[in-house]
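Here is the structure we will look at.
The values are calculated or read from the model by the stated rules, or taken from the named source; none is laboratory data. In this text, all values refer to a predicted model and were calculated from it rather than measured experimentally. Quick reminder, even Gly has a Cβ in these numbers, built from the backbone with ideal geometry, and neighbours come from all protein chains shown.
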Amino acid sequence: MAVFNMIIQSLQYSFMQRAIIVGILIAVCSSLLGIFLVLKKFSMIGDGLAHVSFATVAIALLLNQSPLYLSIPIVILASMLILKLNEKTQLHGDAAIGLVSSFSVAFGVLVASLSKGFNVDLFSFLFGSILLISKSDVVLSIILAVLVVSTIVLFYKDLFAITHDESFASVMGINTKRMNTLIAVLTAVTIVLGIRVVGTMLISSLIVFPTVTALQVSRSFLSTIVISTVISIASVIIGVIGSFVLNLPSGASIVMVNAIFFLVAMLFKRLR
């Protein structure tokens, strides 16, 4: 009863309301994009861009600037660089991501050392903090969610085609480069906005976990999207509230809930 009362009380705080709203919107965006990234075997781009965002956050804190507005353009450019490396240098996706990711982490650590180490602000960005979320984050998350959902609806057939057979989709006249660029840019913005709730080190889990969990129990492409979205939203809500009640980092809490959903789905698949 005491825990229930604490949960009800937590929802009365404005920062909790903002955290849940932004978390749900990011969950929707990441799960919708995740199905295409996972099936294209390009899901680690989320992890690579998260490491880039770590470097941009370190730079922003060193310069005493807003990490959000510095991170978005740089992470978008990084996503474009990964696509170019993958296309022009004959590197596979994971190798291109590895190059950008490792460089970004090294650069971020050097910048952090110049600012006298990993301070409290940087730690919060690494693992998420519901106290960081502002009204501008809510507005940007709403805009992003509208863009992602609109993109999926408008280009569903094209995205479906390039996900399953990019060469065949190109032959059919689909502009595969444009579609890949669109997904990469939306993923970059989702990563940046999601670091407030989940943190730079854990945000990629929101792209991977719900999708691979849904794939265990779904029977079609569309059902995978629906199930992964529901799982992602539920994980964020439970994780954010649980982090407040138990005084834990929000990012780690959300990932642990996602992991539990995945284990349950695996068990269900075996029993079925």
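A few points about this structure:
- Check on S66, modelled with pLDDT under 80 and touching a helix residue (DSSP H, G or I) at 6+ places or on another chain (Cβ under 7 Å): yes
- Candidates are the residues of segment 169-186 that are over 14 Å from K40 (Cα atoms) and not small (G, A, S); the one that is surrounded by the most Cβ atoms within 10 Å (Cβ to Cβ) is L186.
- Helices (runs of 4 or more DSSP H) contained entirely in segment 1-83, each with at least 3 residues that are of a type outside the set (F, W, Y) and touching a Leu at 6+ places or on another chain (Cβ under 9 Å): 14-39, 45-63
- The C-beta contact set for segment 174-185 (first residue touching a residue at least 12 places away in the same chain (Cβ under 8 Å) and closer than 18 Å to L39 by Cβ, second residue crowded, with 17+ Cβ neighbours inside 10 Å and of a type in the set (D, E, K, R), distance under 9 angstrom, 6+ apart or interchain) comprises I174/D158; T176/D158; M179/D158; N180/K40; I183/K40.
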